[in-house]
Each structure stands twice: as structure tokens, then as C-alpha cells.
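The values are calculated or read from the model by the stated rules, or taken from the named source; none is laboratory data. Bear in mind the structure is a predicted one, so any value in this text is a computation, not a measurement. Virtual Cβ from ideal backbone geometry, glycine too; neighbours counted across all protein chains shown. The accessibility values were calculated without ligands, DNA or RNA, using every heavy atom of the protein model including side chains. Shrake-Rupley method; radii C 1.70, N 1.55, O 1.52, S 1.80 Å.
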Amino acid sequence: HDDNASRNARYGLWLFAVYLAFYGSFMALNIAAPKLMASPSVGGMNFAIVYGFCLILAAFGLALVYMWLCSKSPEVRR
């Protein structure tokens, strides 16, 4: 079980790094380009709202990817 646990932890850390980069770019845009974030985008919503919804969808999608990766783990051999 230790091999599976360490592999799953690595998957989790890599996916967390992906999400952290996505969230970090959101925060950087809020700081560096607030007018861009306030500009109208899809459906009349501002870009910050659309990006925020994308962050939520990305978290859900990455959770699904994590579940898929962990379910592909090979069985523990005795």
C-alpha cells in the first residue's frame, strides 16, 4: 500500500501545482490588470466572474482526473 499511497500523493501534488498556477494567474491578473478583469466577457459578465467560474470547473475537473489516475493504480502484489 505504501507504493500506491506515494504514487497517489505525487499525482495529488502535480494536480495541485496545476491548479495553483491557474489560481495564481487569476490573482496576478487581478493585481496587474484590474481593468481587464472588469471588462465585459461572455454573456455580459465581467472577465473576473467568468474566470472564477472556470476556477471552480477546473477544481472539479482536476478532482475527476485525480480519481481516474488513482483508480488506475496497479493492485498490491503479495
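Odds and ends about this structure:
- Leading residue by the ranking (nearest to residue 29 (Cα to Cα)) among those in the stretch 40-56 that are among the small types (Gly, Ala, Ser) and out of contact with any Leu (no Cβ under 9 Å at 6 or more places or on another chain): 52
- Pairs are defined by a Cβ separation below 9 Å, a sequence spacing of at least 6 or placement on different chains, a first member in the stretch 5-29 that is more than 13 Å from residue 65 (Cβ to Cβ) and free of Cβ contacts under 8 Å to residues at least 24 places away in the same chain, and a second member that is open to solvent by less than 70 Å² (accessible area, probe 1.4 Å) and of a type outside the set (S, T, N, Q); the pairs so defined are 25/51; 29/37; 29/47; 29/48; 29/51.
- Only helices (runs of 4 or more DSSP H) whose full extent lies in the chain are considered here, and the ones with at least 2 residues that are open to solvent by 70 Å² or more (accessible area, probe 1.4 Å) and hydrophobic (A, V, I, L, M, F, W, C) are 2-32, 47-71.
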